[in-house]
Every structure is written in C-alpha cells, then in structure tokens.
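Following: one structure in structure tokens, then a few remarks.
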Amino acid sequence: MNREERVRAVLDGGEPDRLPVSVWMHMSQYDQDPRSLAEVMVEFNEEYDYDFIKMMPFGAYTTSDWGVKLEIYCDKYREVRIVAPAFTDVEGYKSLEVLPPTYGTWGKTLQITQWVSKLAKPGTPFIQTIFSPTTTLHKLVGDRLLNDMRACPAEVHQALETITETTIGFVKANIEAGVHGFFFATQCATYDKMDDLIFAEFCKPYDLRVINSYIDETWFNVLHIHGKRIMFDTLSEYPCPILNWHDRQTRPSFEEARRVCSKVFLGGLREGPSIVTGGLEYDSIMSSPGIAPREIKEHIFEAIRMVEGKGIIIGPGCVADPKSAPENMRAVREAAGEWSNVIAPQAFSIPV
C-alpha cells in the first residue's frame, strides 16, 4: 500500500498493511515564509517516512489581518505569540470585514498548500490546519470574549459571521489548491472555558457551517479538540470521520471513547501543550529526559491495545515538542511496523 491507500483503508474500516502514522510540530524558524515551510515539512515527512503531512502554519495566522499584535521570533523553540488584542471595546466586533483567501497571512497560508501540492511525494496526503470561528475570535480579543457573549451577544455573533465567511472562503481556495482535507481545531470545546449552553449558541453553529463547506469535497478530515475537560460527547457527533484530542492527558482515553464512538481516532502519543500567556508549554513524552525509543514504542502499543488495533492512526494528541529527540520520532514510525509486521503485539509489556 502507498500512504494514501493506508490511510483510506483505516477510514473505510479495512485492514491496512500497517497502521498509518504521522508526527507534526511547529517549525517556527520557517513559518513566516510559505515556500520554506512547505519544503521543510515535506523533508521532515520523508526523513521519518510518515504517512501524511499535517501542515503547520503558525497558530495565530487567522488573526493578524484583523489587527492582533504579534511577537515573531523565527526561532525553532519560540512560537509566534499574541501580545495585544485586535480591539478592546464592543465596537471592534462590528469593525471586522470579510477577507479574501489571498489576503495577508491568510494568503501566505494558502501558499503553503500550493507549495506542498507541488513538492509532496506522490501518494502522500496533506491536510491544512484551520480553526473554529470562535477560536479565532478568542485569539482576537482574549478572555473578555465570554463576558461579551453575555453582555453584547449581537455584536459577537456579527464578528463570528465575518470570521466564518472568511474561513469558508479560505477552505474553498485550499480545495482548489489540491488539499486532501482539513485539521479543524477548536480550543473552545472545553468546560474550562464555557458551558454547554454558551457553546451551543456561539460555537457549534459556526463550526458546522465551516465543516459542512468541505466535508463532502475532501476525504481526510480531522476534528481536533484542544485542552482538558473537553466536550467529547458533543464534538464526537460532528460530521468529521477522524477525532484527535489530548487522549493521554485528559478523558476520555481511547478505551473509554471507543465504548461510545466508532469513528477513527488519531493520537496515542502524549504530546499536548497548554497555552500559557500566548505561548505553548509542552507535556511531551518524546522530549522527556531519559525516555528511550523502546519506551516510546511501548507507549504507542498501549494506545493501540485500547482500541484492539482498529480504527486508529498514530500521532500526537495535539502537537509534538520541537525538542523531541530524533530517535524517538523514528520510533513512532517503527512502532507501527513492528505492531503490524514483526511480532505479536501481546508480547510487549506495558510500562507501569
């Protein structure tokens, strides 16, 4: 099987020749130049022989064209940070205008897809990262958003309409550029940020409008639920065939989730940073001192056992630490082959 056939086999409920696998991380020294980022993502994927490319534009790319102030370091270990909001009063919600997909940082991010489409090895799927409209709005205004949802809901809805239209335009342009699917990330579907009623009004309708704009036109679509105390039951009903969350750091585990959900799970690696003052603090098994490839493999085998080796794509629960040891990143790929082809999985012990 080639890479695409392997992923499609899992999505179709079939038997791949081995489990598909990928790892992705921020490549902050390159992410301000679309061509350079595309080249290094393709090279990274080939170096470790992963099965797909999850594109990694910088996490605030949806915000700067609406006025967010950023600090940009172009440093491998320092991601772009938001240091000032786009606006600080209610009128700002009404000031947002729909942006074309070729404008500003949206356009630069579209160029990443165009370059990856040219550079990726044939048979290698690649998916673009997009954010839920409410996630983008939260990045634009910060933690005042929840209070504004209650105090001035009409203005918040107006802004969400604008962001949704802009995101859908960007989605369509990426489809034209050849993307195979989308990694739809929400950082709002957590009880640490809001309750079910607020989510139902200000998040879910806009999420579904974006997802429905591509779900029938692309085949490799992932829903990422960021954070802890996630709204798994609600989000698992979204029309996305693949779910990704911090499965080794928060409930549900793969085992718990499989009892209530038959979708494909992407994850198994404890790689899930927290967002702290605009930056990332990593909880990473692959960069943990003293962790060797053998332990990475056992960690992955444990996750695979939770779903009996069915309906799983191996990857990070969110995004991998750029300080991850190269030998551990190789071990992720090796684990997939060893599980499928070398010796019986039950022969491996699970670390205590």
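If only residues of segment 119-144 that are of a type in the set (A, V, I, L, M) and part of a helix (DSSP H, G or I) are counted, the one that is nearest to ILE53 (Cα to Cα) is LEU119. Residues in segment 281-333 that are small (Gly, Ala, Ser), closer than 27 Å to CYS188 by Cβ, assigned to a loop (DSSP other than H, G, I, E, B) and in contact with a Ser or Thr (Cβ under 8 Å, 6 or more places away or on another chain): GLY311 only.
Within 25 Å of GLY67 (Cβ to Cβ), more than 14 Å from the chain's Cα centre (by Cα) and not hydrophobic (A, V, I, L, M, F, W, C): which single residue out of THR234, THR250, THR164, THR190 fits that description?
Values: THR234 fails: within 25 Å of GLY67 (Cβ to Cβ); THR250 fails: within 25 Å of GLY67 (Cβ to Cβ); THR190 fails: within 25 Å of GLY67 (Cβ to Cβ).
It is THR164.
Of the residues ILE242, ILE211, which single one is modelled with pLDDT of 95 or more, within 22 Å of ILE168 (Cβ to Cβ), out of contact with any Cys (no Cβ under 8 Å at 6 or more places or on another chain) and aliphatic (A, V, I, L, M)? Don't jump to the end; show me each part of the working.
On the way: ILE211 fails: out of contact with any Cys (no Cβ under 8 Å at 6 or more places or on another chain).
So the residue among ILE242, ILE211 that is modelled with pLDDT of 95 or more, within 22 Å of ILE168 (Cβ to Cβ), out of contact with any Cys (no Cβ under 8 Å at 6 or more places or on another chain) and aliphatic (A, V, I, L, M) is ILE242.
With respect to ILE300, is the statement that it is within 21 Å of ASP51 (Cα to Cα), buried (at least 17 other Cβ atoms within 10 Å of the Cβ) and either without any contact (Cβ under 8 Å) to a residue 40 or more places away in the chain or touching a Gly at 6+ places or on another chain (Cβ under 8 Å) (or both) true? Even if it seems obvious, please write down each step before you answer.
Details: within 21 Å of ASP51 (Cα to Cα): yes; buried (at least 17 other Cβ atoms within 10 Å of the Cβ): yes; either without any contact (Cβ under 8 Å) to a residue 40 or more places away in the chain or touching a Gly at 6+ places or on another chain (Cβ under 8 Å) (or both): yes.
Yes; evaluated as a whole, the condition is true for this residue.
Checking each residue in segment 110-161 for being buried (at least 20 other Cβ atoms within 10 Å of the Cβ), more than 18 Å from SER64 (Cα to Cα) and in contact with a strand residue (DSSP E or B) (Cβ under 8 Å, 6 or more places away or on another chain) picks out THR113, VAL116, ALA120, THR124, PRO125, PHE126, ILE127, GLN128. Checking each residue in segment 163-197 for being out of contact with any helix residue (DSSP H, G or I) (no Cβ under 8 Å at 6 or more places or on another chain) and closer than 29 Å to ARG229 by Cβ picks out GLY181, PHE183, THR190, TYR191, ASP192, ASP195, LEU197.
Here is a yes/no grid of residues against (1) surrounded by fewer than 23 Cβ atoms within 10 Å (Cβ to Cβ); (2) β-branched (Val, Ile, Thr):
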residue: GLY309; (1), (2): yes, no
residue: ILE313; (1), (2): no, yes
residue: ALA320; (1), (2): no, no
residue: GLU334; (1), (2): yes, no
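The values are calculated or read from the model by the stated rules, or taken from the named source; none is laboratory data. The model shown is predicted, which means the values in this text are computed figures rather than measured ones. Using ideal geometry, Cβ is built from the backbone for each residue, glycine included, and neighbour counts are taken over all protein chains shown.
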